[in-house]
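A short write-up of the structure that comes next.
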Amino acid sequence: MSEGLFTQLLDLVCGAFLLAAVVVLWRRELAAIVRLFALQGVALAAIALLLGLHEDRWGLLAVAMGIGALRAGLLPYLIRRALKAFVAERNGSHEGHEEARETQPLVNVAASLLTAAALTLLAYAVARPLVELDPTPATRALPVGLAVVLIGFFVLVTRRRALAQVVGFLLLDNGITATAFLAASGVPLIVELGVSFDVLLAVLVLQLLTVRVREAFGTTDIDDLRELHD
């Protein structure tokens, strides 16, 4: 693969990776948010795939396939199944429809998008010294990974629905993984497998916890749970 083609394709998939995180802030339907997370998983796998093809590293190609299967397939499936189970349990009631979307995030959509723009600029400013040290195509895309880390943390702290917060946690993890790939041209296969299994375990625990909370209190809205505590 030529250097010019590699740079263009890497810029394209990094742009899609960042755009998916930004659009999560715009959408309120949890099903749409999960689909966006799956698309971001595809973009993350594409980043690893491009790096592997460019550097002729077969281990990185295996990592790309594993990332695609886990973060674009299995994890979205688990979250989608938990969401469908609750909506079916509510049998189409008003509460079920409200639980299926983020009705009142702590920060409205317009302010969230402006914050995402500010966080992206911050990521580029912070990563600038690192880019200047080694201005390769992968390193120049490093701010994208940092921006997704910040946006994922922002989603985690501003969304009220537990499932939306799980997606925020996964966005943050995707950003960390992308940063590792772009900064070090990938990570060893055994390291990525260990991290991926840790993430899968965390999602399973969070899904179980969400189900138990919903069964006990009838909602996963953080504000409603706080009122019960008060």
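Answer rounded, prolate or oblate for the range 10-70, using the Cα gyration tensor with square roots of eigenvalues a ≥ b ≥ c: rounded when a/c is under 1.5, else prolate when a/b is larger than b/c, else oblate. Oblate is the answer for the range 10-70, as a/c is 1.5 or above yet b/c matches or exceeds a/b. The distance between label points at Phe153 and Ala111 comes to 1.9 nm (points 7 Å beyond Cα on the Cα→Cβ vector). For Leu121 and Arg81, a Förster radius of 30 Å and the Cβ-Cβ distance give a FRET efficiency of 0.20, rounded to the nearest 0.05. Fully extending the segment from Glu132 to Ala184 would add 17.2 nm, taking 0.36 nm per residue of separation and subtracting the current Cα-Cα distance. Counting neighbouring beta carbons within 10 Å and listing from fewest to most, the residues Ile176, Ile67, Ile33 come out as Ile176, Ile67, Ile33.
Throughout, read-outs are computed from the coordinates displayed, never taken from laboratory work. The shown structure was predicted, so the numbers you read here are calculated from the model rather than taken from an experiment. Quick reminder, even Gly has a Cβ in these numbers, built from the backbone with ideal geometry, and neighbours come from all protein chains shown.
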